[in-house]
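Trainee: Okay, here's the structure, questions in a sec.
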Amino acid sequence: PPVLEARALRVRYGGFTALDGVDLGLVAGRVTAVVGPNGAGKSTLFHCLAGTLRPARGSVRLAGRDITRLPAHARTRLGIARTFQQLAVFPTLTVAENVRVGAEQGRPGDPRAVERTLRLLGLDGPVRARPAAGLPTGTLRRVELARALATGPRVLLLDEPAAGLDTAEVAALARILKALAADGTALLVVEHDPNLVAGLADVVHVMAAGRIVASGPPGRVLGSL
Ligand code: ADP
Ligand code: ADP
């Protein structure tokens, strides 16, 4: 059964229907991707799953519990982590300090979460002591991901994680995300870059005009676009 499950989501902005009856389940150990043209409703769906936008109708449940009425810190403690499309690292904190913020906000338990996460993302060298301000985009994306990971999430929601990365960085990111999924995390990727989606996702959902119009393995779904 899904760890995070959205049912019959409906979102309206004024008279405009941005989500029109969307169902989506995120399963432990699986990478789910959501693709579709600009305006399809991907960001709106992402914000509903992250709990930052309350749908007019429908529910988002984590292990059976509706998360749309919980404050952000409670969602993080329950095991939902997200990254931001516009990076949200703290510029004056060092790389390691940014990751520690994530560990402190997260599920209690693992005192080694910071070190383990820095190592996993290759941030355990000299860069760990550098302030985030001024680091290249590829490094900042890793810091952002590390901060989310250090919370110990059961569900990891990634908003355009390949944005601004070169081909080698996208490949490295895909390897890390696959390892996380293999470890039992449920991953969602909202992504424009078909290369990342094709090499990474187990299931792809295609959105158009506020609905999911196709779902399946990437080879089948992306091939027909
Ligand atoms: P996507 O992420 O797929 O580009 P969005 O979820 O951002 O799609 O937007 C879906 C539709 O809702 C678009 O037509 C967009 O213009 C509209 N929309 C998004 N946010 C708002 C808002 N705050 N107010 C009004 N319309 C919005
Ligand atoms: P988008 O995907 O539409 O570009 P983001 O996902 O970056 O937007 O951000 C969504 C919303 O969350 C925005 O209103 C933004 O101001 C807010 N936000 C961004 N970073 C943070 C943060 N670290 N903590 C809380 N809210 C944030």
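Trainee: Note down, for segment 40-126, the three equivalent ellipsoid semi-axes (square root of 5 times each alpha carbon gyration tensor eigenvalue), biggest first, whole angstrom.
Mentor: 28, 16, 10
Trainee: How high is the relative contact order of the chain, in percent, counting Cα pairs under 8 Å that sit 6 or more residues apart?
Mentor: Reported as a whole number, the value is 29 percent.
Trainee: For the peptides 12-23, 146-157, what is the packing order when you average, over each peptide's residues, the other Cβ atoms within 10 Å and list the highest mean first?
Mentor: In descending order of packing, they fall as 146-157, 12-23.
Trainee: May I pose another question? Can you give the Kirkwood hydrodynamic radius for segment 1-149, in Å, rounded to one decimal and based on Cα pairs?
Mentor: Radius from the Kirkwood sum: 16.8 Å.
Trainee: When ligands, DNA and RNA are left out and all protein chains stay put, how many square angstrom of accessible area per residue does the chain have with a 1.4 Å probe? Could the numbers behind the result be given before it?
Mentor: Values: 10470 Å² over 225 residues.
Counting only protein heavy atoms, the per-residue value for the chain is 47 Å².
Trainee: State to the nearest 20 debye the size of the charge dipole of segment 92-225 about its Cα centre, where the only charges are +1 on K and R beta carbons and -1 on D and E beta carbons.
Mentor: In total the dipole reaches around 260 debye.
Trainee: With a cut-off of 8 Å between alpha carbons and a minimum separation of six or more residues, what is the relative contact order of segment 1-90 in percent?
Mentor: Taking the mean separation of contacting Cα pairs over the length of segment 1-90, I get 30 percent.
Trainee: Quick one: dipole size for the chain, taken about the Cα centre, charges +1 on Lys/Arg Cβ and -1 on Asp/Glu Cβ, in debye to the nearest 20.
Mentor: Dipole magnitude for the chain comes out near 620 debye.
Trainee: Of the accessible area of the chain, with the probe set at 1.4 angstrom, what percent is carbon plus sulfur?
Mentor: With neighbouring chains kept in place, the figure for the chain is 53 percent.
Trainee: Among G199, L118, S59, which residue has its Cα positioned farthest towards the positive end of the charge dipole of the chain, with +1 placed on the Cβ of Lys and Arg, -1 on the Cβ of Asp and Glu, and the dipole taken about the Cα centre?
Mentor: After comparing all options, I get S59.
Trainee: Right, something else. If we count every other residue with Cβ under 13 angstrom of A146's Cβ, Lys/Arg +1 and Asp/Glu -1, where does the sum land?
Mentor: Residues near A146 contribute +3 overall.
Trainee: With +1 on the Cβ of every Lys and Arg and -1 on the Cβ of every Asp and Glu, and nothing else charged, how large is the dipole of segment 30-123 about its Cα centre, in debye rounded to the nearest 20?
Mentor: 380
The values are calculated or read from the model by the stated rules, or taken from the named source; none is laboratory data. None of these values were measured; they are calculated from a predicted model. Because the Cβ atoms are built from the backbone with ideal geometry, glycine has one as well, and the counts that use them run over all protein chains shown. Calculation scope for accessible area: heavy atoms of the full protein, side chains included, ligands and nucleic acids excluded. Shrake-Rupley method; radii C 1.70, N 1.55, O 1.52, S 1.80 Å.
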